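**Student:** Below you'll find the structure I mean.
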Amino acid sequence: MLSRLGQVFFVVKILQVFSKNQFLSLNRVFTRSPLSRVSAFASGPKSPETTSRRHLTFRSLKMTAFEYPEVRRDGAVVETLHGREIADPYRYLEDPDAGETKKFVDKQNKISRAFIDASPVKEKFNSRLTEVWNYPKFGTPYKRGDRYYYSYNEGLQNQNVVYVKESLEAPEKVFLDPNTWHAEGLISLSGMSFTEDGTLLAFSKSEKGSDAQSIHFMDTKTGKQYDDVLTKIKYSGLTWTHDNKGIFYCRYDIEKAPDGTETTAVKNQKLYYHRLGTSQDSDVLCAEFPAEPDWMMGSEVSEDGKYVLLSVFEGCEPANRVFYCDLSTTPIEKLKESWTPLIDNFEAQYGFLTNDGTKFWFQTNKKAPRERVIVIDIENPDESKWEEVVPEHPTDPLQSAYPVGGSSLLLSYLRDVKGVLALHDLHTGKLKKPLDIEVGSVSGISGRRTQDEVFFKITNFLSPGRIFRMEVGEKDIEAGKAVPSLFKEVKVAGFDPTQFVTEQVFFESKSIDGSVAKVPMFVVHKKGLKKDGSSPCLLYGYGGFQISIEPTFSPTWLVWMQNLNGVLAVANIRGGLEYGKDWWMGGSKGNKQNCFNDFCAAGEELQRQGFTSKNGLAINGGSNGGLLVGACMTQRPELFSCVVANVGVLDMLRFHKFTIGHAWCSDFGNPDRKDEFDWLIKYSPLHNIRSPEEMKVQYPSTLLVTADHDDRVVPLHSLKFIAELQHKAGGSKLQEKPLMISVDVDAGHGAGKPTSKIISEKADMFAFIAKSTGAQWTE
């Protein structure tokens, strides 16, 4: 269940190339606010053994030459961009429904399938991962009305189930079970919104991992679902008015509901209001910006129910406009003409927190790259009259803020990529109490101003999560009761976290302007690791869209470390928000090359410290992280042994022409502008593929992973890249390592993917990595 703050930022976060809690997190817990920017992936268990022997194995590893299918090159497709001729011989692969594209996919899948299936590791990894995955997964409880809700997965269920309890001590009951919607778990729960009194629920479904949604309604007491079904929806939050009559949502005026295979750009999003019990055709248009087709929006209703706020975004940049309207005096039918601008520019980001009458609290990065909390009186909104409640922290970026317990703010910070919590006074900003919590990532915060309790989860590389409860009422704080107490702890059978070590190392990376950045990286491994370069290592990164990659738990990484004796490294490169807006800006647009510099420097540091060698170093990233590893393999092919790029953005000259790609110009730049084209062409993976003869070195073993229903980063990126890579390198005598692609069917960008598919995909991926790095299986 998204928080009030999360509802409005749901829009901008889902636009992003790949949100961390889609690719990284496999828990799909709906208590997490997208603005919390909490990651979710993780690490794993133990077992010693034969490092020197493995060292010799992967150092001497050679692949036999591969025969790749002949692929038609259309030499006629050449266009002039900003005075440069750009060939695009595989443009026909941009049509996913074309017969030629389908044949191409089928031939490529046969090659990769045969190679992966021949690995002795695959079935062992699949079996072991299934065992490890089979542990209970709890989401943090949240209270709506007079009942508590939480998500739960008993272990291997394809989708998480939502449970309800009348009290914390009462027995639980199944409230909503997405596993009943599709036999193979291909329909997921993608969003939920309760009425203020908790009696009604609006929820959205997504099929096959698509961003396309349908909205449904139910009575929370009886479980009865209404006949209303809303379609033609993407990238929308759900916001009830306090009279329980209906919801605000966003949609596109398109002829038919999207099914997830579309590649056409989506534009002209509009805000509508749906009255429960009526036809979608009669929904009221509440906001549109026809002169700005790329703008996106999200709405929320103030906690007192009097105001509706409209946040407008022009991309994924942390900046938005804010409009408001008084619902007590304005009929829904008049909303479209009645919005009052409060923030009428894209200079900064404003996340609404709560209000006392006309005084509105916001979390903002205005004049505060690490963010602060301010109050704006809408009756006197001039910036000179704004009140700063909580100033920007001198070192720690503010991740999220939650009004709780009547007059408190629960603030969540990052300190060197580790979670920090503190209670402040809502009105004065004074620190009431710093909270003593264990090291890890803070996620799933659930608390409201009208409630005197808060729940949150702490996760790290060696723990799947401990849920804490804390009393935050004024009397509780005064009596010293505002102390987190353990509410629920989950352990993984057969895994002893004391046999592993988590290190945080800092390394230097040279920026494109000649300055040097200090970059953090987590390294997780078994105790007693010999730092002699003999261990295989997986280096993971993302580096974009203000997404911080924090310590978190992954069964997949656990098996990599425990059974393949691998080292796990997570580099917190520029492009995220690990150190605030400046850290993001240092890795975006014209500074994007800094991300690649940081990641390559991380690989060099791992080798310098003896965690691995270039023959044992595999790199992995998804979506924007797929761009990361794609750029690194084309720039520094000699540095890595293996590359796995999941649903990567690889054509940097045409990404903005498909589905929601235009929103990413805020991070990448716009190739239609010459100055921005000039930096994009320099690193675009597709346009920087060279022959091994020219580089005097072969490419690392390469596996691209994409999906036929990915309507965010459409599969054409991976299809065109692998075709060009095989053309340039596949026939080279220097290229002994495989260059492959695996295209999943009935799957999307990552969100809502059923557990069975995740396990199968990860087994394939790590069978490829093991074979490419020489990692040996141990029981």
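**Student:** Can you tell me how many residues within the range 587-615 are within 14 Å of residue 505 (Cα to Cα) and of a type outside the set (Gly, Ala, Ser)?
**Tutor:** Of all residues in the range 587-615, those within 14 Å of residue 505 (Cα to Cα) come to 598-599, 601-611.
Now narrow it down to the ones that are of a type outside the set (Gly, Ala, Ser): 598-599, 604-609, 611.
Looking only at that region, the number is 9.
**Student:** With 431, 435 as the choices, which residue is in contact with a His (Cβ under 6 Å, 6 or more places away or on another chain) and not small (Gly, Ala, Ser)?
**Tutor:** Values: 435 fails: in contact with a His (Cβ under 6 Å, 6 or more places away or on another chain).
Testing whether each residue is in contact with a His (Cβ under 6 Å, 6 or more places away or on another chain) and not small (Gly, Ala, Ser) leaves just 431.
**Student:** In the list 243, 253, which residue meets the criterion of being among the acidic types (Asp, Glu), over 26 Å from residue 450 (Cβ atoms) and either in contact with a Ser or Thr (Cβ under 6 Å, 6 or more places away or on another chain) or not in a strand (DSSP E or B) (or both)? Show your work before the answer.
**Tutor:** Details: 243 fails: over 26 Å from residue 450 (Cβ atoms).
Criteria check complete, one pass: 253.
**Student:** Output the residues belonging to the range 474-491 that are touching a Ser or Thr at 6+ places or on another chain (Cβ under 9 Å) and part of a loop (DSSP other than H, G, I, E, B). Walk me through it before giving the result.
**Tutor:** Going residue by residue through the range 474-491, those that are touching a Ser or Thr at 6+ places or on another chain (Cβ under 9 Å) are 474, 477, 482, 487-491.
Listed by number, the residues that qualify are 482, 490, 491.
**Student:** Moving on. Scan the range 480-532 for residues that are aliphatic (A, V, I, L, M), farther than 16 Å from residue 440 by Cα and open to solvent by 30 Å² or more (accessible area, probe 1.4 Å) and jot them down.
**Tutor:** Those that are aliphatic (A, V, I, L, M), farther than 16 Å from residue 440 by Cα and open to solvent by 30 Å² or more (accessible area, probe 1.4 Å): 483, 493, 512, 516, 529.
**Student:** Here's something else I'd like to know. Restricting the range 589-632 to residues that are among the hydroxyl-bearing types (Ser, Thr, Tyr) and surrounded by 24 or more Cβ atoms within 10 Å (Cβ to Cβ), which is modelled with the highest pLDDT? Lay out the reasoning, then the answer.
**Tutor:** Just the residues of the range 589-632 that are among the hydroxyl-bearing types (Ser, Thr, Tyr), to begin with: 612-613, 623.
Filter once more, keeping what is surrounded by 24 or more Cβ atoms within 10 Å (Cβ to Cβ): 612, 623.
On the way: 612: 98, 623: 94.
For the range 589-632, the residue satisfying everything is 612.
**Student:** If you take the residues in the range 271-306 that are hydroxyl-bearing (Ser, Thr, Tyr) and touching a residue at least 60 places away in the same chain (Cβ under 8 Å), which one is surrounded by the fewest Cβ atoms within 10 Å (Cβ to Cβ)? Break it down stepwise before answering.
**Tutor:** Within the range 271-306, the first condition is being hydroxyl-bearing (Ser, Thr, Tyr), and the residues that meet it are 272-273, 278-279, 282, 299, 302.
Next cut, touching a residue at least 60 places away in the same chain (Cβ under 8 Å) only: 273, 299.
Numbers: 273: 21, 299: 27.
Once the filter is applied, the top-ranked residue is 273.
**Student:** Could you tell me whether residue 193 is touching a residue at least 40 places away in the same chain (Cβ under 8 Å) and within 21 Å of the chain's Cα centre (by Cα)?
**Tutor:** When the stated conditions are applied, residue 193 passes them.
**Student:** For the range 74-97, enumerate the residues that are part of a strand (DSSP E or B), open to solvent by 60 Å² or more (accessible area, probe 1.4 Å) and in contact (Cβ under 8 Å) with a residue 40 or more places away in the chain.
**Tutor:** 84
Quick grid of which residues meet (1) open to solvent by 10 Å² or more (accessible area, probe 1.4 Å); (2) farther than 29 Å from residue 211 by Cα; (3) touching a strand residue (DSSP E or B) at 6+ places or on another chain (Cβ under 8 Å):
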{"position": "690", "(1), (2), (3)": "yes, yes, no"}
{"position": "701", "(1), (2), (3)": "no, yes, yes"}
{"position": "716", "(1), (2), (3)": "no, no, yes"}
{"position": "726", "(1), (2), (3)": "yes, yes, yes"}
{"position": "763", "(1), (2), (3)": "no, no, no"}
{"position": "766", "(1), (2), (3)": "no, no, no"}
{"position": "778", "(1), (2), (3)": "yes, yes, no"}
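**Student:** Among the residues of the range 244-266, are any polar (S, T, N, Q), open to solvent by less than 20 Å² (accessible area, probe 1.4 Å) and modelled with pLDDT of 95 or more? Before the answer, list the steps.
**Tutor:** Here is the first cut: in the range 244-266, the residues polar (S, T, N, Q) are 244, 261, 263-264.
Adding the requirement that they be open to solvent by less than 20 Å² (accessible area, probe 1.4 Å) leaves none.
No, the range 244-266 contains no residue that is polar (S, T, N, Q), open to solvent by less than 20 Å² (accessible area, probe 1.4 Å) and modelled with pLDDT of 95 or more.
**Student:** Residues of the range 191-223 being farther than 20 Å from residue 276 by Cα and small (Gly, Ala, Ser), which ones? Reasoning before the result, please.
**Tutor:** Here is the first cut: in the range 191-223, the ones farther than 20 Å from residue 276 by Cα are 206-212.
Result: 206, 209, 210, 212.
**Student:** Okay, next question. Looking only at helices (runs of 4 or more DSSP H) that lie completely in the range 589-704, which have at least 2 residues being touching a Gly at 6+ places or on another chain (Cβ under 9 Å)? Talk me through it step by step, then tell me what you get.
**Tutor:** Working: elements: 593-608, 624-635, 665-668, 674-683, 692-695.
Where helices (runs of 4 or more DSSP H) fall fully within the range 589-704 and carry at least 2 residues being touching a Gly at 6+ places or on another chain (Cβ under 9 Å), they are 593-608, 624-635, 665-668, 674-683.
**Student:** Output the qualifying pairs, or none if there are none: Cβ atoms under 9 angstrom, residues six or more apart or on different chains, first residue in the range 502-514 and within 22 Å of residue 551 (Cβ to Cβ), second residue of a type outside the set (Gly, Ala, Ser) and at pLDDT below 95.
**Tutor:** These pairs meet every condition: 502/439.
**Student:** Return the total of residues in the range 621-671 being among the acidic types (Asp, Glu) and without any contact (Cβ under 8 Å) to a residue 24 or more places away in the chain.
**Tutor:** As a first pass, look at the range 621-671 and keep what is among the acidic types (Asp, Glu): 638, 651, 667.
Cutting the leftovers down to without any contact (Cβ under 8 Å) to a residue 24 or more places away in the chain gives us none.
The number of residues fulfilling the criteria is 0.
**Student:** Kindly indicate whether any position in the range 364-371 is of a type in the set (Lys, Arg), open to solvent by less than 60 Å² (accessible area, probe 1.4 Å) and either assigned to a loop (DSSP other than H, G, I, E, B) or touching a Gly at 6+ places or on another chain (Cβ under 8 Å) (or both).
**Tutor:** First, the residues of the range 364-371 that are of a type in the set (Lys, Arg): 366-367, 370.
Then keep just the ones that are open to solvent by less than 60 Å² (accessible area, probe 1.4 Å); that gives 366, 370.
Checking which are either assigned to a loop (DSSP other than H, G, I, E, B) or touching a Gly at 6+ places or on another chain (Cβ under 8 Å) (or both) leaves us with 366, 370.
Looking through the range 364-371, at least one residue is of a type in the set (Lys, Arg), open to solvent by less than 60 Å² (accessible area, probe 1.4 Å) and either assigned to a loop (DSSP other than H, G, I, E, B) or touching a Gly at 6+ places or on another chain (Cβ under 8 Å) (or both).
**Student:** Given the criterion of a type in the set (Ser, Thr, Tyr) and under 21 Å from residue 397 (Cα atoms), identify the matching residue among 463, 441, 534.
**Tutor:** On the way: 463 fails: under 21 Å from residue 397 (Cα atoms); 534 fails: under 21 Å from residue 397 (Cα atoms).
Result: 441 is the single residue among 463, 441, 534 that is of a type in the set (Ser, Thr, Tyr) and under 21 Å from residue 397 (Cα atoms).
**Student:** Okay, next question. Here is a list of conditions, (1) within 25 Å of residue 449 (Cα to Cα); (2) in a loop (DSSP other than H, G, I, E, B), and residue 375 meets all of them except one; can you say which number that is?
**Tutor:** Among (1) within 25 Å of residue 449 (Cα to Cα); (2) in a loop (DSSP other than H, G, I, E, B), residue 375 violates only (2).
**Student:** Here are the criteria: (1) touching a strand residue (DSSP E or B) at 6+ places or on another chain (Cβ under 7 Å); (2) open to solvent by 40 Å² or more (accessible area, probe 1.4 Å); (3) of a type in the set (A, V, I, L, M). Tell me which single one residue 335 does not satisfy.
**Tutor:** (2)
**Student:** So, in the range 169-187, of the ones that are among the aliphatic types (A, V, I, L, M) and under 12 Å from residue 207 (Cα atoms), which residue ends up least open to solvent (accessible area, probe 1.4 Å)? Give the derivation first.
**Tutor:** Going residue by residue through the range 169-187, those that are among the aliphatic types (A, V, I, L, M) are 170, 174, 176, 183, 186-187.
From what is left, the residues that are under 12 Å from residue 207 (Cα atoms) are 186-187.
Details: 186: 10, 187: 28 Å².
The residue in question is 186.
**Student:** Exactly one condition in (1) free of Cβ contacts under 8 Å to residues at least 24 places away in the same chain; (2) within 30 Å of residue 592 (Cα to Cα) is false for residue 481; which is it?
**Tutor:** So residue 481 meets the others, but not (2).
**Student:** Considering each residue of the range 382-410, count those that are part of a loop (DSSP other than H, G, I, E, B), crowded, with 16+ Cβ neighbours inside 10 Å and not small (Gly, Ala, Ser), and give that number.
**Tutor:** 5
**Student:** Does residue 360 count as of a type in the set (Phe, Trp, Tyr), more than 27 Å from the chain's Cα centre (by Cα), closer than 25 Å to residue 411 by Cα and part of a strand (DSSP E or B)?
**Tutor:** Criteria met by residue 360.
**Student:** Identify the single condition in (1) within 17 Å of residue 643 (Cβ to Cβ); (2) assigned to a loop (DSSP other than H, G, I, E, B); (3) aromatic (Phe, Trp, Tyr) that residue 777 does not satisfy, given that it satisfies every other one.
**Tutor:** All conditions pass for residue 777, except number (1).
**Student:** Still on this structure: Restricting the range 205-221 to residues that are among the polar types (S, T, N, Q) and surrounded by fewer than 21 Cβ atoms within 10 Å (Cβ to Cβ), which is modelled with the highest pLDDT?
**Tutor:** Here is the first cut: in the range 205-221, the residues among the polar types (S, T, N, Q) are 206, 210, 213-214, 220.
With surrounded by fewer than 21 Cβ atoms within 10 Å (Cβ to Cβ) added as a condition, the list becomes 214, 220.
Working: 214: 95, 220: 98.
Of everything passing the filter in the range 205-221, 220 is modelled with the highest pLDDT.
**Student:** Restricting attention to the range 317-329, which residues are in contact with a strand residue (DSSP E or B) (Cβ under 9 Å, 6 or more places away or on another chain) and either outside any strand (DSSP E or B) or open to solvent by 10 Å² or more (accessible area, probe 1.4 Å) (or both)?
**Tutor:** Of everything in the range 317-329, those that are in contact with a strand residue (DSSP E or B) (Cβ under 9 Å, 6 or more places away or on another chain) and either outside any strand (DSSP E or B) or open to solvent by 10 Å² or more (accessible area, probe 1.4 Å) (or both) turn out to be 319, 320, 321, 323, 324, 326, 327, 328.
**Student:** Going by the structure shown, is residue 548 farther than 19 Å from residue 414 by Cβ, under 15 Å from the mean Cα position of the chain (by Cα) and in contact (Cβ under 8 Å) with a residue 12 or more places away in the chain? Even if it seems obvious, please write down each step before you answer.
**Tutor:** Working: farther than 19 Å from residue 414 by Cβ: no; under 15 Å from the mean Cα position of the chain (by Cα): yes; in contact (Cβ under 8 Å) with a residue 12 or more places away in the chain: yes.
Criteria not met by residue 548.
**Student:** A further question on this structure: Restricting to the range 654-673, what's the tally of residues that are open to solvent by 10 Å² or more (accessible area, probe 1.4 Å) and not charged (D, E, K, R)?
**Tutor:** Quick first cut of the range 654-673, residues open to solvent by 10 Å² or more (accessible area, probe 1.4 Å) only: 654, 656-658, 662, 665-666, 670, 672-673.
Within this subset, residues satisfying the condition of being not charged (D, E, K, R) are 656, 658, 662, 665-666, 670.
Qualifying residue count for the region: 6.
**Student:** Related question: Give all pairs with beta carbons closer than 8 Å in which a residue from the range 101-118 that is among the hydroxyl-bearing types (Ser, Thr, Tyr) meets a residue that is surrounded by 13 or more Cβ atoms within 10 Å (Cβ to Cβ) and modelled with pLDDT under 95; count only pairs at least 6 apart in sequence or on separate chains.
**Tutor:** 101/95
The values are calculated or read from the model by the stated rules, or taken from the named source; none is laboratory data. For clarity, every value in this text was computed on a predicted model and none was experimentally measured. So basically every Cβ, Gly included, is an ideal-geometry build from the backbone, and we count neighbours across all protein chains shown. Note: accessible area is taken over every heavy atom of the protein model, side chains too, but ligands, DNA and RNA are not part of it. Shrake-Rupley method; radii C 1.70, N 1.55, O 1.52, S 1.80 Å.
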